[in-house]
Structure formats: structure tokens, C-alpha cells
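Where a number appears in this text, it was derived from the coordinates with a stated rule and is not lab data. These figures come from a predicted structure and were not determined experimentally. Here Cβ is always computed from backbone atoms with ideal geometry, including for glycine, and neighbour counts include all displayed protein chains.
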Amino acid sequence: MSNILKIIIGYVAQHKKLLAVVLVALLSVASATLSVGYVFRKLIDNGLGQNHAAEINNSIYLIIALIAVFAFGSFFRSYFINLIALKVVSKLKADTYRNLLKNDIVTFEDLKIGDIISRLSTDIETINGMIINFLSFFIRNGIMLIGAISLMFIQSPKLSLMVIIGIPVLLFPLLRLSKHVRKLSKKVLEEQSALASNVEETFASVRTLYSYNQQEFTANKFDNKITSYIKHASVRLRLRSMFFALAISVIAAAITGVIWIGSLDILSGSMSSGQMVSFIYYAIMVGVSAGGLAELFSEIQGPFAALERVLDLKNLDHDIKPSKTLAPALASYNIIFDKVEFSYPSRPDIQALKSISLTIEQGKFTGIVGRSGSGKSTLMQLLLKFYNHQSGKIAIGGSDIEHVSSDLIRDKVAYVEQYPAIFSGTIRSNIAFSKPDATEREIEKIAELCGISEFVKDLEQGLDTEIGERGVRISGGQKQRIAIARAVLYAPEILLLDEATSALDNESEKQILQNISQIMPGKTIISIAHRISSIEAADNILVIDQGELEASGKHSKLLTESETYSLLYREQADIGSK
Ligand SMILES: Nc1ncnc2c1ncn2[C@@H]1O[C@H](COP(=O)(O)OP(=O)(O)OP(=O)(O)O)[C@@H](O)[C@H]1O
Ligand SMILES: [Mg+2]
């Protein structure tokens, strides 16, 4: 908890000037409020007690002046505190977002997108309230409490002791229960997050949902989650309300006691009525400030839990493995896998790659084939340093990639995923994603060669057509063409195509692959093939089977030497001839 406080104080402390204004405003509001008690005493003892109209008028003028100070102070306090909170939360949000993007891929296997969204929106907004509460009420109530207690003692030390004993009684149960509330708050936030993830997932796959008629089932599942959420949230509400009721009763009891004993003191002449009125005023101030502080304490547990969740994201460890000495550049681009063994972190007992060794020559077109699940995509993920292999060596241009920064590798390698990512925006912005400063001519030329112009010419807004979130308004094959264009625009030394043309017809596939080879002369192209026909002409073909290299060579050689290859080829030829 102290760590969390330190971080948030660090953020708030970046706004020293604003904080100074807030402090001045808080002090003037507090002193104006506290001075009213003194004026009351003068009004009653000197004005009412001695029939002095001028004294009454003066007291009222003074109160009006104090109200003016209060009003100005309140405005500055409220405005600047909210401004600070706004700035702190925005900065925290931006920092967390930036930090998230520094994490390795494995992180995102565990985190749900909806969860991230919820932490960066709902959770972070509760922190806004916490900062405002802290700056505004915590400090103000603190000042008021100390001020009111001192002034109370001046009025009547005996009664003051009575009230002072009441405060710990008030605070004690609240402190004990606050831990409980915090735990519950975290649970409530987690459930809120799960709800958000649920919504995200539902609407991201709404077509599947509808086609299987699972709307009712999905809605019921959501209902169950809501029910559990309400259960926990209401327990939390109950506890908080209990605090409040408790606080109010203790305050009321203390004041009744004060009135009782004070009245007896006035009768015996050891206290004036003005003294008692101003004492009660201060006692109420003490009660309200202390009660407010206690309530804040319980209220702050929610944001603390939220802050913990945001900071969990902000402080996630990044970079897979801190490399020892990093190579400044890559000399050439031959790729070697040497006895590489690899298991995914989430499935450590299953080897996706088993002591695989292979060579991919620079400047050549290499095809990779193999059955589903044999480890083809995994090869590409390792090359991109999305994961660390457990043993063996992967080298590019003779440099062990352990000694090459992932940035440098990704600078030279372009990757078209098996299921390409399309962002909301236009076709143009999706292509230019890899090179935001690309010229119009560059984009148009690549769009032409990747078969995009072909379908874009029928669209009214051409390349500037909006394609919807995740590209819902275009076809699978069109998405693939855009993803390929994006990769080619990046002008990589090594182009990785993971079944990048699987949704295209044979003819377009051949044409596009041929075009790519022409635009990228001398560059390495590695293509995982969906259809063997697309890589028949490759300079070299690697056959992967169950995480191992079964064979490699040209098409004609593999047909006779590789069982898997000839089998795959015949299967596809059969389908083709049917
Ligand atoms: N992120 C992951 N976490 C855990 N296991 C994974 C992950 N990705 C893939 N695997 C497993 O690793 C093995 C190899 O998967 P890979 O994706 O490399 O296969 P592939 O040859 O590309 O198959 P496909 O042709 O179906 O795309 C499979 O058994 C798969 O279940
Ligand atoms: Mg794959």
C-alpha cells in the first residue's frame, strides 16, 4: 500500500505550482470556516448578551466577509484539484499504455483485451475520484480537525477531552473493516473486468454467436456474472453504509454529551453561553472532519484496489531476456536454426519444436510445408523473438539472435500473420501502418502489385474506403492482400508469409507471389504454404513434421524423398482433380 501511495504521490508532485494554489485555497477555506465559531461567540456574548446592536451588525459583516473568502477559496480549490486529478490520471493512462506496448508477446496470452480496456478506463477513472478526495477532503479535513481541536481546547479543556476520547472510538472499527472493504473492492473490480471482457468477446464474434443461435445462452451466462457481481458489490455497499451510520451515531452521542455537561456548566456559571455555542460549533467540525476522514479511508480502498490493478499493468516486466552484448547491426541475412528446442510458456510439457536444425539462404524463396500443428508458425514466432527458445541456437547472418535486439530483428523482418490484423480505418491507413511516412505513389504502386487496386477500383472512395473494425467490411482474401501490401511496403530484408495467401484463388496467389519476388529482388522470402502449388517453384522447400525437419530440397526431389511431402501433394492433387 505504501508503495502505491508513493507512486501516486510521485505523479501528483509533478504539479507543484498547482498544488501551491490548492494549498492556499484550502487554508483560506479552512480558516474562514473555523473563524465563524469565534464570531458566533462574540455575537452571543457581546451582542445578544449585552444588547449591543452594533456588535451584532459587525459580527454579521464579518461572517459575510468570511463567506466571500470561503466562496473564492472553494472555487480555486475545486478547479485546481480537479485539474491536477485530470492531468495525473491522463499521464498514468498514457504511461501504462506505453509500458504495455513494451511487453513481450507472452504477456498478452494471459491478459484479456477486455480486462486491459477495463483497467485503462473504469479502474483508472476511480483513481480520479481518489485524487480529488485526497487533495480536497483529506487535506481540508486534516487542517480542520487540527484547527477545530485547538480552538475547542481554548473554549473548554474539560469538554474537549470528552470529544477527543470519542474520536478513536469512531476510527477504530473503521480501520479494522477497511482491509475487508479493500479485498472486496478488488473482487468487485475483477468481476467488472470480466463483464467487460465478456462484452468484448461477444461482439467481436457476433456472427458465430448468431449463426449457432446462442444469443439466449450467452445472455444467461452474462446474467450469472452480473448476479455474482451484484452480490459482492452489495456486501461492499452494506459495509460502507455501516461505517457511515456508525460515524454519525458516535458524533451525535458526543454532541449530546457536550450539550448536557455544558448546560450544567452554564448554570453553575463556569462557562458563558457564547462559549458553549462556539464550542459546539467546533465539536461538530471535529466530528464532521474526523467522520469524513474515516469515511474517506473506507472509500479510498476501492480506488486503491483499482490503482493496484492499473499499476500491475504499468509495472509489468518487459523484454524477454536481457541480452548480454548486443550486435550493432546484422551483417547478412542467412538464417540458421541449430538443434532448436522449444515449448510454449503456457504449455511447458509439450515440445512444439524438437531439436530442429535448418538453413534458409539469403535472397532465396523458401517454402515451408507440413501438417497442421507441426510447428511451422512457431518457427516464425521464434525468428521474430516473440518467444525464447529453450535450447539450441538461432542465428541471422551469423549473429545468435540472443545477441540481437528484438527491435533490430523486427526492423529487418516483415511478418504477415496467419490471421492478419486489420485495424479500423481506411485501406490506405492499413497499408501505411508499417511505414506511416510512405508517399502516395509508393502505396499506390504496392496496392497495384498486391492485387488491391483490382477490388478497390469498384469502391467509390478507393483506397480511402473505411473498412470497419477488424476489417468487417471486406473479404478474407482482401484482408490478406492488404496485410501483404503492408509487409512489402516495410521493405524488409526477410519477408515471412504465414499462409498469407490461403484465402486467394490459385491464379491471384501465383500472380501476387510473383509480383512480390519482383519488387523485392535479392530479399529473403519465406512462405508457409497452404497449397503446395504456390511454392512448387521455390528455391528450397522445408518439410516440417511434428516439430522436426523431415526433409528439404526442391519440389521434384521432395516428391520422391519425403513421405509427408508426397502425401500432402497427392492429397491436394486429388482434391484439385475432383
Ligand atoms: N501460443 C501458444 N501457446 C501454446 N501452444 C501453442 C501456441 N501456439 C501454438 N501452440 C502449439 O504448438 C504446436 C505448433 O503450432 P504451430 O502454430 O507452429 O503449428 P502450424 O504448423 O503453424 O499449424 P497450422 O498449419 O495449423 O497453422 C501446436 O501443437 C500448437 O497447439
Ligand atoms: Mg500456423
*Residues with amide H under 5 Å from that of Thr465, placed H, sequence gap 5 or more*: Ile427, Arg428
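Using alpha carbon coordinates only, what is the Rg to Rh ratio of region 335-577, with Rh defined as the Kirkwood radius? Please list the in-between numbers first.
Working: Rg = 18.1 Å, Rh = 18.6 Å.
Expressed as Rg/Rh, it is 0.97.
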*Indicate the gyration tensor shape class of the chain (rounded, prolate or oblate), computed on the Cα atoms with a ≥ b ≥ c the square roots of the eigenvalues: a/c under 1.5 is rounded; otherwise a/b larger than b/c is prolate and the rest oblate.*
prolate
*Which of the peptides 408-420, 476-488, 211-223, 232-244 is most tightly packed, and how do the rest follow, judged by the mean count of other Cβ atoms within 10 Å per residue?*
476-488, 408-420, 232-244, 211-223
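Need one word for region 2-314: rounded, prolate or oblate. Basis is the Cα gyration tensor (sqrt eigenvalues a ≥ b ≥ c); a/c below 1.5 gives rounded, then a/b vs b/c decides.
On the way: a/c = 3.10, a/b = 2.17, b/c = 1.43.
Prolate.
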*Specify whether the C-alpha gyration tensor of region 85-231 places it in the rounded, prolate or oblate class, a ≥ b ≥ c being the square roots of the eigenvalues: rounded for a/c under 1.5, otherwise prolate if a/b is larger than b/c and oblate if not.*
prolate
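Suppose we take every Cα in region 464-575 and form the convex hull; what volume per residue is that in Å³?
Numbers: hull volume 15.2 nm³, N = 112.
Hull volume normalised by residue count: 136 Å³.
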*Considering only the chain, what is the antiparallel percent among its DSSP beta bridges, to the nearest 5?*
50 percent
_Two-site FRET efficiency, Ala204 against Gln546, from Cβ-Cβ distance with R₀ of 25 Å, rounded to 0.05_ = 0.15
*Extension reserve of the Leu101-Ser121 stretch, reckoned as 0.36 nm per residue once the Cα distance is removed*: 5.5 nm
*asked:* If amide hydrogens are placed 1.01 Å from N in the peptide plane, which non-local residues have theirs closer than 5 Å to the one on Leu353?
replied: Phe342
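Taking the mean number of other Cβ atoms within 10 Å as a proxy for protection, how do you rank 373-379, 53-59 from highest to lowest? Could the numbers behind the result be given before it?
Working: 373-379: 20.4, 53-59: 14.3.
In descending order of packing, they fall as 373-379, 53-59.
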*Which helices, taking whole DSSP H runs in the chain, have alpha carbons extending 27 angstrom or more along the helix axis plus mean Kyte-Doolittle at least -1.0?*
16-42, 53-100, 157-204, 215-268, 273-299
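If you place +1 on the Cβ of every Lys and Arg and -1 on the Cβ of every Asp and Glu, how big does the dipole about the Cα centre of the chain come out, in debye to the nearest 20? Numbers along the way, then the final one.
On the way: 59 positive and 57 negative charges, 461 e Å.
About 2220 debye.
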